[in-house]
Amino acid sequence: MILFVRLLAWLLAAAVTFATLGPPSLRPHLSIGQDGEHALAFLVVGLAFGLAYSQRRLAVSVIGVVLIGILELLQLIMPGRHARLEDFAVDALAACIGIALSVALDRAMARFRA
């Protein structure tokens, strides 16, 4: 099961990377606004990585925030893309909330099993 969750986490990370750096016309658009789209995407990625690497959540959080910053900076060299501090803040916060949700989910599952 853990292998499946890890594979899913990395596939989600690849999809978010493509959506972040790829052509804007190929990025999915939802009716929740750009900040909502960012928050939802990184919340799901954070949750997936929090579940996939439950023994290393602090490291996952730190590495995640750094990589989100790098993704945002890479947009400076991508045609048709733009880097914004607001996007970085939303993305990093959402990823950390996703990781925190993974902690809550693990604790709830442990109580359920007991």
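Derivation of every value follows stated rules applied to the coordinates shown; laboratory data play no part. This one's a predicted model, so the numbers in the text were calculated from it and none came from an experiment. Because the Cβ atoms are built from the backbone with ideal geometry, glycine has one as well, and the counts that use them run over all protein chains shown.
For the reader, a short list of remarks on this structure follows.
- Within the option set G98, G69, being in contact with a helix residue (DSSP H, G or I) (Cβ under 8 Å, 6 or more places away or on another chain), part of a helix (DSSP H, G or I) and closer than 20 Å to G22 by Cα holds for one residue only, G69.
- Residue list for the stretch 3-18, restricted to those being among the hydrophobic types (A, V, I, L, M, F, W, C) and in contact with a helix residue (DSSP H, G or I) (Cβ under 7 Å, 6 or more places away or on another chain): V5, L8, A9, L12, A13, V16
- Residues satisfying the stated conditions in the stretch 17-27, i.e. in a helix (DSSP H, G or I) and touching a residue at least 40 places away in the same chain (Cβ under 8 Å): T17, T20, L21, P24
- Condition met for V5 (under 13 Å from the mean Cα position of the chain (by Cα) and under 29 Å from R107 (Cβ atoms)): no
- Sole residue being of a type outside the set (V, I, T), touching a residue at least 24 places away in the same chain (Cβ under 8 Å), assigned to a helix (DSSP H, G or I) and closer than 25 Å to F4 by Cα, chosen from A41, A108: A41
- Residue list for the stretch 2-56, restricted to those being among the hydroxyl-bearing types (S, T, Y) and surrounded by 14 or more Cβ atoms within 10 Å (Cβ to Cβ): T17, T20, Y53, S54
- Residues located in the stretch 57-70, provided they are closer than 21 Å to E86 by Cβ and buried (at least 20 other Cβ atoms within 10 Å of the Cβ): G64, I68
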